[in-house]
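Trainee: Let me give you the structure first, and then I'll get to my questions.
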Amino acid sequence: FDESMQLAQKAVASLWCGAAAAHGPMPQRVNERIELAAPPDAVWRRIGDFADVAWHPGVASAQADHGNEPGSVRTVRLREGGQLVETLKRRSDAERSLTYELDDAGPLPVSGLRATLTVQPAGGAGSVVEWSASFLRADRSPRPAAGQDDAAAVAAVAEVFRAGLAALRGTEPPP
């Protein structure tokens, strides 16, 4: 009985581990925020235009085919080479919020990224900018290539978000 029970336990463990590896990557999430002294409406005027990402230090240029209309496709050329293609899903001046999806991640090791950028009031006259995203790593195999794993995907998105938010304060992100 003990031997058959051990065999059954090994079989279940093997199936469990195999199923875990076979499902592919788990969804990842990045959420970055910064508090600013500027009022929310002023910050929103600076970052709320889907076609204008000049405030981000990593962006060389950007162009959106339909401005701030949902469905607008934005092509972002990066200063260090490569480009991103994003589609605006939702934008609200009243909520100071925009949501977009990344259609072509260019040099970023991610796929299926959906991000939201919001500006909310903070204590006093200041504001809080929050940039959050959910995504998968680009390499969906059970054993991703070096630099293509979940940690690399999270680090890449966090770096982009932190650099943009730090630029809003007029500082460089830490190395």
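The values are calculated or read from the model by the stated rules, or taken from the named source; none is laboratory data. Keep in mind the model is a prediction, meaning the values are calculated, not measured. With ideal geometry, Cβ positions are generated from the backbone for all residues, glycine too; neighbour counts draw on all protein chains shown. For accessibility, only protein heavy atoms count, side chains too; no ligands or nucleic acids. Shrake-Rupley method; radii C 1.70, N 1.55, O 1.52, S 1.80 Å.
Trainee: Are there trypsin sites (Lys or Arg not before Pro) in the range 65-144 that DSSP marks as loop and that have at most 13 other Cβ atoms within 10 Å, and which are they? Let's see the in-between values first.
Mentor: Working: sites: Arg74, Arg77, Arg79, Lys89, Arg90, Arg91, Arg96, Arg114, Arg137, Arg140; in loops: Arg79, Arg96, Arg140.
Sparse-neighbourhood loop trypsin sites (Lys or Arg not before Pro): Arg79, Arg140.
Trainee: Moving to a separate point now. At 0.36 nm per residue, and after removing the present C-alpha to C-alpha distance, how many nm does the segment from Ala155 to Glu35 gain when stretched out fully?
Mentor: Values: separation 120, 0.36 × 120 = 43.20 nm, distance 2.14 nm.
So the extension gain works out to 41.1 nm.
Trainee: What number in nm² do you get for the range 80-159 if you take the convex hull of its Cα atoms and divide its surface by four?
Mentor: Values: hull surface 26.9 nm².
For the range 80-159, averaging the hull's shadow over all directions gives 6.7 nm².
Trainee: Something else now. Please give me, ordered by residue number, the GluC sites (Glu not before Pro) of the range 41-111 that lie in loop per DSSP and have at most 16 other Cβ atoms within 10 Å.
Mentor: Glu80, Glu95
Trainee: Expressed as a whole percentage, what fraction of the accessible surface of the range 61-175 belongs to carbon and sulfur atoms when a 1.4 Å probe is rolled over the protein heavy atoms?
Mentor: Working: 2850 of 5890 Å².
Carbon plus sulfur share of accessible area: 48 percent.
Trainee: Another question, if that's okay. With r as the distance between the Cβ atoms of Arg143 and Ser61 and R0 = 35 Å, compute the FRET efficiency 1/(1 + (r/R0)^6) and round to 0.05. Walk me through the numbers before you get to the answer.
Mentor: Numbers: r = 37 Å, r/R0 = 1.06.
Taking R0 as 35 Å, the efficiency between Ser61 and Arg143 is 0.40.
Trainee: Given points 7 Å out from each Cα along the Cα-Cβ axis, report the Met26 to Arg79 separation in nanometres with one decimal.
Mentor: Placing both labels 7 Å beyond Cα along the Cβ direction yields 3.5 nm.
Trainee: Normalising by the residue count of the range 67-175, find the relative contact order in percent from Cα pairs under 8 Å and 6+ residues apart.
Mentor: On the way: 177 pairs, mean separation 17.0, N = 109.
Over the range 67-175, the number comes to 16 percent.
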